[in-house]
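The values are calculated or read from the model by the stated rules, or taken from the named source; none is laboratory data. This one's a predicted model, so the numbers in the text were calculated from it and none came from an experiment. So basically every Cβ, Gly included, is an ideal-geometry build from the backbone, and we count neighbours across all protein chains shown. Surface accessibility is based on the protein's heavy atoms, side chains included, excluding ligands, DNA and RNA. Shrake-Rupley method; radii C 1.70, N 1.55, O 1.52, S 1.80 Å.
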Amino acid sequence: MTARRHRCILYLRHSLGRAGETEETSLSLEMQDAKLREKAAREGWIVVDAIRDFDLKGDDPDRPGINDVIQAAKERKTDIVLVFAMSRFARDQVWQEITYQRLIGHGVKVVSLVAPNIDHTLFRGVLGVV
């Protein structure tokens, strides 16, 4: 019997543009997408969607994309939400933890490309403060 492959949603967020920012320094949606797809392929995960929030602040809890991610978790459309960094997921530490716990409550794991061990609450909290 073969194991079921995990379904993965990519969540990408691009911040408000800043003066002097370049494609390399801006964490562009294209760069995030490419890196996240590479990770999903290495892990054998099936990418079912790539949800994007463009030019939106990470401390806004009412971003359309993050709301779509939460809805997909409620509807059991994904097993994993893959983000480039937790700062792309959310900038507000409290809101980040609440959203993280909501997704976990729906059986969805949140995985960060640059901080792969985010399962520990203290570690997420320290990263959130930084």
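Reported count of residues in the range 76-99, each being surrounded by fewer than 20 Cβ atoms within 10 Å (Cβ to Cβ), more than 10 Å from the chain's Cα centre (by Cα) and under 16 Å from LEU10 (Cα atoms), is 3. Selection of first residues in the range 74-88 that are among the aromatic types (Phe, Trp, Tyr) and of second residues that are open to solvent by 30 Å² or more (accessible area, probe 1.4 Å), restricted to Cβ pairs under 6 Å at least 6 apart or on distinct chains, gives the following pairs, ordered by first then second residue: PHE84/LEU113.
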